[in-house]
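A short write-up of the structure that comes next.
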Amino acid sequence: MMEQKEADEIKQHLMQTSEEYRELARQHQYYKSLVAELENNPHATEEDEIEEHRLKKLKLRLKDQMGEMVSRYKTQHV
């Protein structure tokens, strides 16, 4: 519980101080909204499903990059 609170505080700090982190978060949110659109399409084609899968991979890569930044911040500020 404490680790999650600490991680949330670091994320908030990085949102305020790091242009790179803000850009990653913005892109992640954008892909998240595109995925939600595709998931909510009752007439999704096979191409839509392929695109959804591609977007989910991109979104995950961004989340990993953001997590790495949080970890780096944590180790540099111990």
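Angle between the Cα long axis of helix 2-17 and the longest principal axis of the chain, 0 to 90 degrees, nearest 10?
Rounded to the nearest ten degrees, it is 80.
Treating the angle as unsigned and between 0 and 90°, give the value, to the nearest 10°, between the Cα long axis of helix 46-76 and the longest Cα principal axis of the chain.
The helix 46-76 is inclined about 0 degrees to the chain.
Once you list every other residue whose beta carbon is under 12 Å from the beta carbon of Lys56, what net charge do they have if Lys and Arg are +1 and Asp and Glu are -1? Let's see the in-between values first.
Details: positive: Lys32, Arg54, Lys57, Lys59, Arg61, Lys63; negative: Glu39, Glu49, Glu51, Glu52.
Net of charged neighbours comes to +2.
Report the extension gain between Arg61 and Glu23 in nm, rounded to one decimal, defined as 0.36 nm multiplied by the number of residues separating them, less their alpha carbon distance. Before the final figure, lay out the partial values.
Values: separation 38, 0.36 × 38 = 13.68 nm, distance 1.34 nm.
Once the chain is fully extended between Arg61 and Glu23, it gains 12.3 nm.
First select every other residue whose beta carbon is under 12 angstrom from the beta carbon of Glu37; then total the charges, Lys and Arg +1, Asp and Glu -1.
-3
Which pairs, out of Lys5/Lys56; Lys5/Lys59; Lys5/Lys32; Lys32/Lys56, put more than 18 Å between their alpha-carbon atoms? Can you show the working numbers first?
Values: Lys5/Lys56 26 Å; Lys5/Lys59 23 Å; Lys5/Lys32 23 Å; Lys32/Lys56 8 Å.
Pairs exceeding 18 Å: Lys5/Lys56; Lys5/Lys59; Lys5/Lys32.
Under a cut-off of 19 Å between alpha-carbon atoms, report the aspartates and glutamates in cross-link reach of Lys11, not counting same-chain residues fewer than 8 places apart.
Output for Lys11: Glu3, Glu19, Glu20, Glu23, Asp64, Glu68.
Compute the acute angle (0 to 90°) between the alpha-carbon long axis of helix 19-39 and the principal axis of greatest extent of the alpha-carbon atoms of the chain; round to the nearest 10°.
Helix 19-39 sits roughly 30 degrees off the main axis of the chain.
Take the alpha carbon gyration tensor of the chain, find the square roots of its eigenvalues, order them as a ≥ b ≥ c, and report rounded if a/c is under 1.5; if not, report prolate when a/b exceeds b/c, else oblate.
prolate
Values in this text are rule-based calculations from the coordinates and carry no lab data. Every value quoted in this text rests on a predicted model; they were computed, and no experiment measured them. As a convention, Cβ positions derive from the backbone with ideal geometry for all residues, glycine included, and neighbour counts pool all protein chains shown.
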